[in-house]
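J.: I'd like to ask some things about the structure below.
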Amino acid sequence: MDLHILDHRLKVTSICKDGLVNFTHPLIKLIFLRNRTRCKFFSLTETPENYTVVLDEEGFKELPASEYLQVEGSTWLPLNVVSNGHASSSSQAVGVTKIAKSVIAPLAEQHVSVFMLSTYQTDFILVREKDLSVVVHTLEEEFNIYREVGGESVPVHSQDVHNGLQKNGKVATKPTVHPVLSPQNQFCVMSLDPDTLPAIATTLIDVLFYSSSPKEGPQPNPDLDCIKFFSFSLIDGYISLVMDTETQRQFPADLLFTSSSGELWRMVRIGGQPLGFDECGIVAQISQPLADSDISAYYISTFSFDHALVPEEDIISVIDMLQQQRLEPAC
């Protein structure tokens, strides 16, 4: 298989919900006015805590400096696995599961932190630019690695990467096994023809900017109830949406499309407290057991927590599997 280092340099940011009003204009520009911006990689995910916005350097210029904006200090590079016609197995699993053993696990073993973004079309593995030499050295035996430069795919080898092989300097410790929760929402992973985006503009603006006003009183327990989660990505001209079925009913049914099976997904939310960006192996500890059981999964990292979507019929066994993993003694 081929591994492509895409021609984007990304920032991972978080917008506080109380400060969203300061960002509505640039966000609307980035979503709807593609001819007014040079941004080619944009993803916005709303969770109960905040809005996570991942975007390239051109898009980042659109965001005003604000006390309501947090920016992770690194520059991130998106990787994408492309099958070259020789499937590694006959498995029909989709999403992060199909790259768990070939990409996610080896990077975790080398203490490379990854930020995952699954979309309707593909899976993006974001790595810090400073870790690129480690990434190439780790994966070059398994993959033909290419770097996209000006629309051309240029072969990359470890000796071509600046600074040589640099270990991250992190002590090899057994990663923390984080608690998992499963809210009751049923989710859909969908897409949309970009030409029809104006037809859903009013609904999309309402969902993104007007459906999350702070509620008085105690907040629901996400382990028992539904949580707010909505993800919109516009990457190199392709749109991906992740929403629960209640939100889906607000959109015109004839414009959004999903797989022919129309599969519904349930969420596994990873982390009892904000995870941070330096810990390694979080994606691996979720994706590896799913890969061993051949269970499909989409995986969306956000500024505070990680989220995996698994087929609805598998949610009970997945939660049991991951909770059992927490009980296993450390080696």
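Where a number appears in this text, it was derived from the coordinates with a stated rule and is not lab data. All values derive from a computational prediction rather than experimental measurement. Quick reminder, even Gly has a Cβ in these numbers, built from the backbone with ideal geometry, and neighbours come from all protein chains shown.
J.: In the structure shown, do any of Lys101/Lys228; Lys17/Lys101; Lys11/Lys130; Lys61/Lys98; Lys101/Lys130 have a Cα-Cα gap over 25 Å, and if so which?
T.: In this structure, Lys101/Lys228; Lys17/Lys101; Lys61/Lys98 exceed 25 Å between Cα atoms.
J.: Considering only DSSP beta bridges where both residues belong to the chain, give the percentage that are antiparallel (nearest 5).
T.: 95 percent
J.: For the range 1-116, what is Rg from Cα atoms divided by 2.2 N^0.38 Å, rounded to two decimals?
T.: It is 1.26.
J.: Right, something else. If the viscosity is 1.002 mPa s and the temperature 20 °C, what Stokes-Einstein diffusion coefficient in µm²/s follows for the range 117-163 when Rh is the Kirkwood radius over Cα pairs?
T.: It comes out at roughly 180 µm²/s.
J.: Please go through the range 1-109 and write out the GluC sites (Glu not before Pro) that DSSP classes as loop and that have at most 10 other C-beta atoms within 10 Å.
T.: When the GluC sites (Glu not before Pro) of the range 1-109 are filtered for loop state and at most 10 Cβ neighbours within 10 Å, Glu67 remain.
J.: Here's another thing I want to ask about it. Only four residue types carry charge here, +1 at the Cβ of Lys and Arg and -1 at the Cβ of Asp and Glu. Report the dipole size of the chain about the Cα centre in Debye, rounded to the nearest 20.
T.: Its charge dipole is roughly 600 debye.
J.: Once each part is reduced to its C-alpha centroid, what is the distance from the range 282-305 to the range 1-57 in angstrom?
T.: Here the answer is 22 Å between Cα centres.
J.: Could you tell me the relative contact order of the chain? Use alpha-carbon pairs under 8 Å, at least six residues apart, and round to a whole percent.
T.: Averaging sequence separation for qualifying contacts and normalising by length gives 23 percent for the chain.
J.: Next question, about the same structure. How many percent of Cα pairs in the chain exceed 37 Å?
T.: 13 percent
J.: Quick one: net charge of Thr47's neighbours, Cβ under 9 Å, K/R +1, D/E -1?
T.: Local charge sum for Thr47: 0.
J.: In the range 246-329, what is the volume of the convex hull around the alpha carbon atoms, normalised per residue and reported in Å³?
T.: Dividing the Cα hull volume of the range 246-329 by its residues yields 131 Å³.
J.: Restricting to DSSP loop positions (anything but H, G, I, E, B) with no more than 10 other Cβ atoms inside 10 Å of their own Cβ, which trypsin sites (Lys or Arg not before Pro) remain in the range 241-274?
T.: Arg249
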